[in-house]
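Trainee: First, the structure itself, so that you have it in front of you.
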Amino acid sequence: PDDYLRSLPFVVGATLFLVGFGINVHSDKILGRLCDQRRRGKTSDYSIPRGGLFEYVSCANYAGEILEWTGYAVAANNHSALSFLAFTCCNLIPRASMTHAFYRKKFEDYPQRRKAVIPFLL
């Protein structure tokens, strides 16, 4: 077990998890600020999230979470972790697609190159 903590799968998986966690936290802060602005009356409606991974995807928080659980699956290297990742993707990817479609319909100036959840792909 001690050797596994130094193994390539564990180190890569833990790194992916931490990067995904950072993306998730940063994205949630951006979304939280937008909600605060709306509550305080600074904006009257939805706003386009900007900054961080939001420059590439509509649902950066979901992208971060998927990356977290990808890292967990790589680090844990077992079927249970892989199943959790699969169920997370089955839940978050359709939600991201719906959110992306909402933003594109709501905002005429929505960035055309922005994807739903996976930069440059989906």
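The values are calculated or read from the model by the stated rules, or taken from the named source; none is laboratory data. Since the structure is predicted, the reported quantities are computational estimates derived from the model, not experimental observations. Glycine gets a Cβ as well: all are built from the backbone with ideal geometry, and neighbour counts include every protein chain shown. All accessible areas refer to the heavy atoms of the entire protein, side chains included, with ligands and DNA or RNA removed. Shrake-Rupley method; radii C 1.70, N 1.55, O 1.52, S 1.80 Å.
Trainee: Would you please list the contacts, defined by Cβ atoms under 7 Å and residues six or more apart or on different chains, that run from a residue in segment 88-100 that is closer than 19 Å to E68 by Cβ to a residue that is open to solvent by 40 Å² or more (accessible area, probe 1.4 Å) and part of a helix (DSSP H, G or I)?
Mentor: Sorted first by the residue in segment 88-100, then by its partner, the pairs are T88/E65; T88/W69; L92/E65.
Trainee: So if I check each of Y56, Y4, which one is open to solvent by 60 Å² or more (accessible area, probe 1.4 Å), in contact (Cβ under 8 Å) with a residue 40 or more places away in the chain and of a type in the set (F, W, Y)?
Mentor: None of the other options fit; the residue is Y56.
Trainee: Does segment 27-39 contain any residue that is modelled with pLDDT of 95 or more and over 30 Å from K105 (Cβ atoms)?
Mentor: Checked segment 27-39: no residue is modelled with pLDDT of 95 or more and over 30 Å from K105 (Cβ atoms).
Trainee: Among (1) more than 30 Å from D3 (Cβ to Cβ); (2) in contact with a helix residue (DSSP H, G or I) (Cβ under 8 Å, 6 or more places away or on another chain), where does R33 come up short?
Mentor: Going through (1) more than 30 Å from D3 (Cβ to Cβ); (2) in contact with a helix residue (DSSP H, G or I) (Cβ under 8 Å, 6 or more places away or on another chain) one by one, R33 breaks only (2).
Residues are listed down the side, and each one gets a yes or a no for (1) surrounded by fewer than 16 Cβ atoms within 10 Å (Cβ to Cβ); (2) more than 25 Å from I48 (Cβ to Cβ); (3) out of contact with any His (no Cβ under 6 Å at 6 or more places or on another chain); (4) among the polar types (S, T, N, Q):
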position: I66; (1), (2), (3), (4): no, no, yes, no
position: T70; (1), (2), (3), (4): no, yes, yes, yes
position: C90; (1), (2), (3), (4): yes, yes, yes, no
position: I93; (1), (2), (3), (4): no, no, yes, no
position: Y103; (1), (2), (3), (4): no, no, yes, no
position: K106; (1), (2), (3), (4): yes, no, yes, no
position: L121; (1), (2), (3), (4): yes, no, yes, no
